[in-house]
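The block underneath contains the structure these notes are about, expressed in structure tokens.
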Amino acid sequence: MDKYQPSRSPNAQEWLALDESERIFLVREYHEDSNAPIPEEAMNLHASIHVVVENQIAIEHVPVPATIDRLIRQGLDRHEAIHAVGAVVSENIFDLTAGNETSWDPKKYRRKLDKLSAKRWRKGKW
């Protein structure tokens, strides 16, 4: 695999065969080539969150693939759906690092993903 396209799901075996740093590099390269309005200092974090979501899709981590599919059916493109799920991941990571949570709660993560919709995402409420 030598290119990342968020509009298409990467082949799971090829994606998972890559080293994590290679995955981040490919996602970063995509965003740099697309002139995405992401500040340079945030690019690695942005790419890393993409990779977390793509990893969860590739390993079929319930309920991430179904959430992505649902968001696409509701009108988001795949890239935007990855961002929406990534926002939930980021929020949970923030809660952990801020000391608001003591451990990753998979049930809470699932509840947030179940509640996530294209309409809520577009309103900035997830």
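The values are calculated or read from the model by the stated rules, or taken from the named source; none is laboratory data. Bear in mind the structure is a predicted one, so any value in this text is a computation, not a measurement. In this analysis, Cβ positions are derived from the backbone assuming ideal geometry, glycine residues included, and neighbour counts consider all displayed protein chains.
For the reader, a short list of remarks on this structure follows.
- Test: residue in segment 32-46 that is touching a residue at least 24 places away in the same chain (Cβ under 8 Å) and surrounded by fewer than 17 Cβ atoms within 10 Å (Cβ to Cβ): no
- Selection count where residues are modelled with pLDDT of 95 or more, farther than 20 Å from His46 by Cα and assigned to a loop (DSSP other than H, G, I, E, B), scope segment 62-109: 3
- Only a single criterion out of (1) within 16 Å of the chain's Cα centre (by Cα); (2) at positive phi is not satisfied by Asn35, namely (1).
- For segment 75-117, the set of residues classified as crowded, with 16+ Cβ neighbours inside 10 Å and over 17 Å from Asn55 (Cα atoms) consists of Leu76, Lys112, Leu116, Ser117, listed by residue number.
- Under the condition of being in a helix (DSSP H, G or I), of a type outside the set (Ser, Thr, Tyr) and free of Cβ contacts under 8 Å to residues at least 24 places away in the same chain, the residues counted in segment 14-31 number 6.
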